[in-house]
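J.: Got a structure for you, written out below as structure tokens; questions coming shortly.
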Amino acid sequence: MITLLNLFCGCIAVIFAVQGHLEASALLVMLGIGFDFFDGLAARLLHAHSELGLQLDSLADMVTSGVAPGIVMYQLLSQVFGKPFYAVPGAWDSEQIMAGFDTSYVSLLGLLITMASAYRLAKFNIDTRQTTSFIGLPTPANTLLIISLPLILKFQQEPWITQIILNKWFLIVLTLVSCYLLNAEIPLFSLKFKTWGVKENKVRYMFLLFAVVLIVLLKFIAIPVVILFYILTSLIVNNKK
């Protein structure tokens, strides 16, 4: 049920994103990712692991952390190229629908995130190396990176930030980099807690504390910083092993 709530939030997020309500979509995605975290926690606490749960979790993630961020990036690119697409309410006629799809084809690059996420999720399900850690950026982390952009634009309207985010090259490069990180052979630590002990979870607790402090200080701008810190911390930790 918790996994299905993740999927439910993802579906609503997709609807909002298609209609151009990117902030609402981002908030629904964050709620879905919250359910995604707690379904794994609940499964571990209740010893309720199953193959069905594994497959269902990936299918839910495909919507919340695959389709939704791809459409969000598509809409951001469409804004930059001056041709945002919004669904026309009640438009069932094919000509009306295609008229609304008068978009820049460069904006379709945003959907590379969806395809890269699908590839990662499929690979994750058959990769026995990723049982206790990750190889490549997890789809929820990548999604948080993407959906932070409309939230920053909406709630932290600094001219220099807006200029960076709504730069076409920034969005294109970010899209390509995120696709690479999703499937790169980069070992990253997992935030899954098997026990609550400090010694065995020292890195996780330090990372979470750092993330909370940054979010309090920087609000939504903290999200990209935390993702970058997550990658750098993982590289440092793994180099010490």
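J.: For Cα Rg over 2.2 N^0.38 Å, which listed value, (1) 1.12; (2) 1.04; (3) 1.30, comes from the coordinates shown?
T.: Given (1) 1.12; (2) 1.04; (3) 1.30, the calculated one carries the label (2).
J.: Kindly identify the stretch 104-241 as rounded, prolate or oblate by the Cα gyration tensor criterion: order the square roots of the eigenvalues as a ≥ b ≥ c, call it rounded if a/c is under 1.5, otherwise compare a/b with b/c, prolate if a/b is larger, else oblate.
T.: oblate
J.: May I have the convex hull volume per residue, in Å³, for the Cα set of the stretch 153-195? Numbers along the way, then the final one.
T.: On the way: hull volume 5.4 nm³, N = 43.
Given the Cα convex hull of the stretch 153-195, per-residue volume reads 127 Å³.
J.: Still on this model: For Cα pairs less than 8 Å apart in space and 6+ apart in sequence, what is the mean separation divided by the residue count of the stretch 133-241, i.e. the relative contact order in percent? Walk me through the numbers on the way to the answer.
T.: Details: 76 pairs, mean separation 45.4, N = 109.
Normalised by residue count, the contact order of the stretch 133-241 is 42 percent.
J.: Once you have the Cα-Cα distance between W160 and A48, take 0.36 nm times their residue separation minus that, and quote the gain in nm to one decimal.
T.: Stretched out fully, the W160 to A48 stretch lengthens by 35.5 nm.
J.: Something else: What is the angle, in °, between the Cα long axis of helix 168-183 and the longest principal axis of the Cα atoms in the chain? Nearest 10 is fine, range 0 to 90.
T.: 40 degrees
J.: Helix 202-218 versus the longest principal axis of the chain: what angle, 0 to 90°, nearest 10, using Cα atoms?
T.: So the helix axis and the longest Cα principal axis differ by about 30 degrees.
J.: Name the shape class, rounded, prolate or oblate, that the alpha-carbon gyration tensor gives for the stretch 108-152, where a ≥ b ≥ c are the square roots of its eigenvalues, rounded holds for a/c under 1.5, and otherwise prolate holds if a/b is larger than b/c and oblate otherwise.
T.: Taking the square roots of the gyration eigenvalues as a ≥ b ≥ c, the stretch 108-152 is oblate.
J.: Using the alpha-carbon atoms, what tilt in degrees (0 to 90, nearest 10) does helix 139-155 show relative to the longest principal axis of the chain?
T.: 50 degrees
J.: A follow-up question, please. Summing -39500 (n - 2.57) over the DSSP H runs of n ≥ 4 in the chain and dividing by its residue number, what mean residue ellipticity at 222 nm do you reach, to the nearest 500 deg cm²/dmol?
T.: -22500 deg cm²/dmol
J.: With the full set of protein chains in place, find how many percent of the accessible area of the chain is carbon and sulfur; take the probe as 1.4 Å.
T.: C and S atoms contribute 72 percent here.
J.: Rounded to the nearest 0.05, what FRET efficiency is calculated for A184 and D127 with R0 set to 22 Å and r the Cβ-Cβ distance?
T.: For A184 and D127, the calculated efficiency is 0.95.
J.: Counting only C-alpha contacts under 8 Å and six or more residues apart, can you give the relative contact order of the chain as a whole percent?
T.: On the way: 305 pairs, mean separation 48.8, N = 241.
Relative contact order of the chain: 20 percent.
J.: To continue, here is another question. What residues qualify as long-range amide H neighbours of A184, i.e. H under 5 Å apart, gap of 5 or more or another chain, H built at 1.01 Å from N?
T.: Residues meeting the criterion, in which the H sits 1.01 Å from N, are L137.
The values are calculated or read from the model by the stated rules, or taken from the named source; none is laboratory data. For clarity, every value in this text was computed on a predicted model and none was experimentally measured. Cβ: placed from backbone, ideal geometry, glycine included. Neighbour counts: every protein chain shown. Each accessible area value is taken on the protein alone, full model and side chains, heavy atoms only, with ligands, DNA and RNA left out. Shrake-Rupley method; radii C 1.70, N 1.55, O 1.52, S 1.80 Å.
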